[in-house]
Amino acid sequence: MSEHPLLRVDGLHVNYGKSHILHGVSLTVNAGEVVCLLGRNGAGKTTTIKGIMGLAQRMDGQIEIAGRNATRMPPHSIARLGVGYVPEGRKIFPDLTVEENLTVPAARPGRWNIPEVYKFFPRLHERRRHAGGQLSGGEQEMLAVARALITNPDLFIMDEPSQGLAPKIVQEIYHLIREMADSGISILLAEQNAFMALEVSNRAYVIDNGKIVHEGPAQALLNDRERVRALAGAAA
Ligand code: ATP
């Protein structure tokens, strides 16, 4: 493992207005790792990710990305450090075509460009002239992933990619996550769908009530499914 993790979050506190939601969250993602952040509904997964991305009010703590102090950086500066963000609920532009959605992000140079992304997601190529809002949930998730991929991120941060998708589509999305991981992209994956996420992850954190209550190798949790259910409320 390198001395500097790609992402280091240390003692992060986040508020929504006067509500104190995160109470000192610490986690790391090393280069080449897939790390999942598990937890039941309302545990603080999205808030952690929004705190990292500069989309929620950080009250205390430190964030380091690729060795740079990102504690006070706004979202666009975080993106420039090589972070691709796939938000919960996709948040694609419904009135723009698929192709227009893909031209919005500021691309960093690298392997991924529109033709490469279409090779990876043939379905998006077929639908390239359709409005984002006309796509199915699974296609919208692919578009959200493609839009982040095109920025050639070193670190991918994905918030509940399986949310609201049929099991077969979830399998497809996870297949893509595995392919991205195999291509060397590091991933932080927030999921309620704990067992799916553990299958593709090297390490796992579990958050509850805004605090990390467990961290360790993903395999150890996969071998102890009862523990996962107790910690993260995961469905069988
Ligand atoms: P989910 O799977 O439902 O997305 P989560 O683990 O991502 O769950 P968060 O969305 O981070 O959970 O929510 C953590 C806590 O913060 C919850 O108690 C939630 O009610 C609260 N919360 C979330 N968004 C806001 C907001 N905009 N204003 C006030 N409280 C909020």
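The values are calculated or read from the model by the stated rules, or taken from the named source; none is laboratory data. Computed from a prediction, not measured in an experiment: that's the story for all the values here. A quick note on method: Cβ atoms are made from the backbone with ideal geometry, for glycine too, and the neighbour counts reach across all protein chains shown. Side chains are part of the model used for accessible areas, which takes the heavy atoms of the whole protein and leaves out ligands, DNA and RNA. Shrake-Rupley method; radii C 1.70, N 1.55, O 1.52, S 1.80 Å.
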Q | Restricting segment 109-151 to residues that are farther than 20 Å from Lys91 by Cβ and assigned to a loop (DSSP other than H, G, I, E, B), the residue that is least open to solvent (accessible area, probe 1.4 Å) | A | Gly110
Q. Since Asn69 meets every condition but one in (1) within 12 Å of the ligand (Cβ to nearest atom); (2) surrounded by fewer than 17 Cβ atoms within 10 Å (Cβ to Cβ), which condition does it not meet?
A. (1)
Q: Determine, yes or no, whether Val9 is under 16 Å from the mean Cα position of the chain (by Cα), away from the ligand (no atom under 16 Å from the Cβ) and at pLDDT 95 or above.
A: no
Q. So which residues in segment 152-165 are within 14 Å of the ligand (Cβ to nearest atom), within 13 Å of the chain's Cα centre (by Cα) and in a loop (DSSP other than H, G, I, E, B)?
A. Glu160, Pro161, Ser162, Gln163
Q: Could you please let me know if Ser162 is touching a strand residue (DSSP E or B) at 6+ places or on another chain (Cβ under 9 Å) and closer than 26 Å to Ile65 by Cβ?
A: yes
Q. How many residues does segment 181-192 hold that are more than 12 Å from the chain's Cα centre (by Cα) and either crowded, with 22+ Cβ neighbours inside 10 Å or of a type in the set (D, E, K, R) (or both)?
A. 1
**Q.** Enumeration of residues in segment 81-108 that are assigned to a loop (DSSP other than H, G, I, E, B), more than 16 Å from the ligand (Cβ to nearest atom) and either open to solvent by less than 40 Å² (accessible area, probe 1.4 Å) or aromatic (Phe, Trp, Tyr) (or both)
**A.** Leu81, Gly82, Ile92, Phe93, Pro105
Q | Filter result for the condition that a residue is among the charged types (D, E, K, R), surrounded by fewer than 20 Cβ atoms within 10 Å (Cβ to Cβ) and over 22 Å from Pro87 (Cβ atoms), over Arg225, Arg178, Arg203 | A | Arg225
Q. Tally time: how many residues in segment 15-54 are free of Cβ contacts under 8 Å to residues at least 60 places away in the same chain and in contact with a helix residue (DSSP H, G or I) (Cβ under 6 Å, 6 or more places away or on another chain)?
A. 1
Q. Which ones in segment 32-66 are open to solvent by 40 Å² or more (accessible area, probe 1.4 Å), near the ligand (Cβ under 8 Å from one of its atoms) and of a type outside the set (Gly, Ala, Ser)?
A. Arg40, Asn41, Lys50
**Q.** Subset of segment 153-170 [at pLDDT below 90 and either open to solvent by 20 Å² or more (accessible area, probe 1.4 Å) or under 23 Å from Arg8 (Cα atoms) (or both)]
**A.** Pro161, Gln163, Gly164, Leu165, Ala166, Pro167, Lys168, Ile169
